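A short write-up of the structure that comes next.
Derivation of every value follows stated rules applied to the coordinates shown; laboratory data play no part. No experiment lies behind these values; they were computed from the predicted model shown. Here the Cβ positions follow ideal geometry from the backbone for every residue, glycine too, while neighbour counts run over all protein chains shown.
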Amino acid sequence: MKVRVLMEPRHGATYDRIVAMAKATEEAGFDGFFRGDHYLGIDSGDPDYRPTDSWTSLAGVAIETSRIKLGTLMTAGTFRHPGVVANAVATVDQMSGGRVVLGIGTGWYEREHKAFGIPFPPIGERFDRLGEAMQIILGLWTTPPGEPFSFDGRFWQLEEARNFPVLVQKPRPEIVIGGTGPRRTPLMAARYADEFNSGAGHGVRERFENVRRI
């Protein structure tokens with residue numbers, strides 16, 4: 001069994017505190033350190049919440065640690081262009097010596113999106129966008145060097161990308177897809193991910209059974 005620590009800073013956390021938590025995680029012998037990807041506190045009413053960017057902070061944690069896996073639970077698929085995600089995660093993979101994990105989902109926190117001017121489309125479109133994003137991220141990560149990668153989707157278009165991010169992990173970093181959707185989330189996890197994360201609560205058994213059936 002692998003035991004990993006999730007830091008979800010409900011009231012914000014400075015970079016120094018994030019690093020201290022990650023170092024304590026490593027020293028205690030845990031397998032990995034993960035953090036949420038939020039710019040607004042989940043409790044939503046805290047005026048003192050101070051956000052930090054997940055992938056920027058994990059890049060710093062990567063050079064402050066030496067053993068533990070590092071990743072997000074979960075990167076909001078709405079926050080960044082998938083090409084940016086592919087490059088950011090690959091950069092942390094390099095900085096960590098191959099210890100990065102991409103946890104990603106559709107994004108769910110509408111108030112957070114409105115607070116920072118990030119578009120928040122309906123749930124069906126968010127799933128469609130995540131599906132395209134996974135194809136782009138995997139395409140950029142796994143296309144052989146020297147060969148072009150193009151993508152012509154509804155939301156994003158890539159034309160003969162040849163400058164791929166360099167990964168330490170081969171063929172690619174571990175991917176975790178998470179969410180509470182009973183049908184499309186398990187389908188995406190089965191199709192694109194190494195692991196499915198659904199949290200706890202009502203319906204969790206059904207969601208995991210759906211992944212196993214697929």
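How many nm separate the modelled label positions at residue 166 and residue 2, each set 7 Å beyond the Cα in the direction of the Cβ?
2.5
Report relative contact order for the stretch 70-128 in percent, whole number only (criteria: Cα-Cα under 8 Å, sequence separation at least 6).
44
Mind checking the full-extension length gain between residue 147 and residue 17? Use 0.36 nm per residue of separation minus the Cα-Cα distance, one decimal, nm. Could the numbers behind the result be given before it?
Working: separation 130, 0.36 × 130 = 46.80 nm, distance 4.25 nm.
Stretched out fully, the residue 147 to residue 17 stretch lengthens by 42.6 nm.
In what sequence do 2, 23 fall when counting other Cβ within 10 Å, fewest first? Present the calculation step by step, with values, prior to reporting the outcome.
Values: 2 7, 23 15.
Listing 2, 23 from fewest to most nearby Cβ atoms yields 2, 23.
Quick one: of the DSSP bridges fully inside the stretch 4-213, what percent are antiparallel, nearest 5?
15
In the chain, which whole DSSP H runs stretch at least 24 Å along their own axis (Cα) and average 0.0 or higher on the Kyte-Doolittle scale? Each step should come with its number before you reach the end.
Numbers: long enough: 123-142 (28 Å, 0.28).
What comes out of the filter, once short or polar helices are dropped, is 123-142.
Around residue 153, which amide H atoms from residues at least 5 apart in sequence, or from another chain, sit under 5 Å from its own amide H, with H modelled in the peptide plane?
158
With viscosity set to 1.567 mPa s and temperature to 4 °C, compute the Stokes-Einstein D of the stretch 71-122, Rh being the Kirkwood radius across alpha carbon pairs; µm²/s, no decimals.
Numbers: Rh = 11.9 Å.
Taking Rh from Cα pairs, D becomes 108 µm²/s.
If R₀ is 22 angstrom, what is the calculated FRET efficiency for the pair residue 174 and residue 66, using the beta carbon separation as r and rounding to 0.05?
Values: r = 18 Å, r/R0 = 0.83.
Working from the Cβ atoms, E equals 0.75.
In debye, nearest 20: dipole of the stretch 4-213 around its Cα centre with unit charges on the Cβ of K, R (+) and D, E (-)? Numbers along the way, then the final one.
Numbers: 25 positive and 26 negative charges, 89 e Å.
Computed charge dipole of the stretch 4-213: roughly 420 debye.
Calculate log10 I(q)/I(0) of the stretch 16-97 for q = 0.13, 0.20, 0.27 Å⁻¹, where I(q) comes from the Debye formula with a single equal point scatterer on each Cα and nothing for solvent.
-0.43, -0.94, -1.35
Over the alpha-carbon set of the stretch 82-171, divide Rg by the Kirkwood Rh and report the Rg/Rh ratio to two decimals.
Reported Rg/Rh, Kirkwood definition of Rh: 1.01.
Which aspartates and glutamates have a Cα less than 14 Å from the Cα of residue 69, not counting those fewer than 8 places away in the same chain?
List returned: 26, 27, 31, 93, 174.
Per 5 Å bin, what percent of the C-alpha pairs of the stretch 4-213 does each bin hold, from zero upward?
Taking every Cα pair in the stretch 4-213, the percentages come to 1, 7, 15, 18, 20, 18, 13, 6, 2, 0, 0.
If I take every Cα pair under 8 Å that is 6 or more residues apart in the chain, average their sequence separation and divide by the length, what percent do I get for the relative contact order? If you can, show how the numbers build up before the last one.
Details: 362 pairs, mean separation 33.4, N = 214.
Reported relative contact order: 16 percent.
Full extension from residue 81 to residue 205: what is 0.36 nm times the residue separation minus their Cα-Cα distance, to one decimal in nm?
Result for the pair: 41.4 nm of gain on full extension.
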